[in-house]
1. Which of the residues that make up segment 200-238 are open to solvent by 10 Å² or more (accessible area, probe 1.4 Å), assigned to a helix (DSSP H, G or I), under 30 Å from residue 179 (Cα atoms) and in contact with a strand residue (DSSP E or B) (Cβ under 6 Å, 6 or more places away or on another chain)?
2. From the list 136, 125, which one is buried (at least 16 other Cβ atoms within 10 Å of the Cβ), under 19 Å from the mean Cα position of the chain (by Cα), under 28 Å from residue 31 (Cβ atoms) and modelled with pLDDT under 95?
3. Only one residue in 159, 111 is open to solvent by 20 Å² or more (accessible area, probe 1.4 Å), free of Cβ contacts under 8 Å to residues at least 60 places away in the same chain and out of contact with any His (no Cβ under 8 Å at 6 or more places or on another chain). Which one?
4. Those residues that are assigned to a strand (DSSP E or B) and open to solvent by less than 40 Å² (accessible area, probe 1.4 Å), I need them from segment 311-338; list them, please.
5. Consider only pairs whose beta carbons are under 6 Å apart and that are at least six residues apart or on different chains; among these, list those whose first residue lies in segment 52-73 and is farther than 23 Å from residue 223 by Cα and whose second residue is open to solvent by less than 20 Å² (accessible area, probe 1.4 Å) and among the β-branched types (Val, Ile, Thr).
6. Read through the list (1) touching a residue at least 12 places away in the same chain (Cβ under 8 Å); (2) open to solvent by 20 Å² or more (accessible area, probe 1.4 Å), then give the number of the only condition that residue 181 fails.
7. Can you list the helices (runs of 4 or more DSSP H) lying wholly within segment 1-65 that have 2 or more residues being open to solvent by 80 Å² or more (accessible area, probe 1.4 Å) and among the small types (Gly, Ala, Ser)?
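The values are calculated or read from the model by the stated rules, or taken from the named source; none is laboratory data. Just so it is clear, the structure is predicted and the values come from calculations on it, not from any experiment. Cβ: placed from backbone, ideal geometry, glycine included. Neighbour counts: every protein chain shown. In case anyone asks, the SASA skips ligands and DNA or RNA and just uses the protein heavy atoms, side chains included. Shrake-Rupley method; radii C 1.70, N 1.55, O 1.52, S 1.80 Å.
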Amino acid sequence: MSYLTEADATAAGHKRDVLAQLMGELLAAHDHYALNGALTQAPSQDAYKVLWQILREQVEAPPAGAAHWQIPLALPIVLVAGARGQHTLPGRIDGDALLALLRQHGVIAADADCRLSGALVHPGDLAAVNPATLADWREPGQADAMGSAVREAPVSFKDEGVFLRYLVGSVTQHRDAPPAIRLGGQVGAWGMPLAQAIGDALQVDGLTLFAIPRVPQTWLAAQDSARVTQLETRLQVAASNALRSIRGKGRTPVATIAAHEGGEVRITFSSQEEADRWEGFVWPLAPLDTAEQVRDFAEGLFRECQVDDIRVIDTVQPDKEGELPFFVTAHFPPRQQH
């Protein structure tokens, strides 16, 4: 907070350097408890963002004096699956084939020393790798340690669902050499053939499957962006199903967006003509999320879906009413907080 409230630019820069030094010391000591405490006890979202940015810089920067190092990478894949009954998708695909495709499209340099595991990794396993371990993995020869830290996670579902998995790997970067991999940015021309290859590898009879690959990123960055992409996709699917059902009955849809105590944005789909039937969607807010960003995405989506009645509640709503979670609908108005 001293850094955030410092008016003098020179002094602010010094304080940020001190923060970076402290963060580096915690990483070197593998003090996971202190690192986690620094983040979870940040006094404001702005403070959390500063600490998170410095942590990423410390974890992802080239090791001092190293001629070459490993870049641990994660490629998020959102899977939208639909089929009647119970199904399980494989937890592994051909990583070498996908790596060749990424090389072909220039995402990874043709001559880069790169490994890409074929395991489809669960988000929980990715999050379980602590930042100090990620920093250690920059050292050459750590690819085997990385491979043993992850496992394949088959996708089991009934009827339909939106799921998140990651392909993980590493690429060697040499100092003063061109980038061995394009991290971040936008999905380019490679997105469609990669999605097709993933879909073909996971296809089973009677299954409708859409694979949505995102750009390769560092492990920490990938977790943030992929989570948002999964929630956006889930909201798109939920909105499509709910609006189709409401309109199919000749009703007029109403979409309501409200922030609730406990750090959630809750969205409902109801109709002007019928009070008893409605569907809800919950967007749990992570530390880097804002309710305004969720509202903007939801409003834009509902306009694309030609919903004329979009209601945004400008007061924070209670978590529960009695023993049940509270949702604002066309016929259950917002509550005033006391």
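1. Once the filter is applied, which keeps residues that are open to solvent by 10 Å² or more (accessible area, probe 1.4 Å), assigned to a helix (DSSP H, G or I), under 30 Å from residue 179 (Cα atoms) and in contact with a strand residue (DSSP E or B) (Cβ under 6 Å, 6 or more places away or on another chain), segment 200-238 yields 229, 230.
2. Values: 136 fails: under 19 Å from the mean Cα position of the chain (by Cα).
When all the criteria are applied, what remains is 125.
3. Working: 159 fails: free of Cβ contacts under 8 Å to residues at least 60 places away in the same chain.
Result: 111 is the single residue among 159, 111 that is open to solvent by 20 Å² or more (accessible area, probe 1.4 Å), free of Cβ contacts under 8 Å to residues at least 60 places away in the same chain and out of contact with any His (no Cβ under 8 Å at 6 or more places or on another chain).
4. Taking segment 311-338 as the starting set, the residues that turn out to be assigned to a strand (DSSP E or B) are 311-312, 317, 320-321, 324-325.
The answer is 317, and nothing else.
5. From segment 52-73, the pairs are 68/172.
6. Condition not satisfied by residue 181: (2).
7. On the way: elements: 9-28, 32-40, 45-60.
Ranges flagged: 9-28.
Conditions tested, residue by residue: (1) under 15 Å from residue 169 (Cβ atoms); (2) of a type in the set (A, V, I, L, M, F, W, C); (3) in a strand (DSSP E or B).
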{"residue": "71", "(1), (2), (3)": "yes, yes, yes"}
{"residue": "80", "(1), (2), (3)": "no, yes, yes"}
{"residue": "86", "(1), (2), (3)": "no, no, yes"}
{"residue": "99", "(1), (2), (3)": "yes, yes, no"}
{"residue": "110", "(1), (2), (3)": "no, yes, no"}
{"residue": "115", "(1), (2), (3)": "yes, no, yes"}
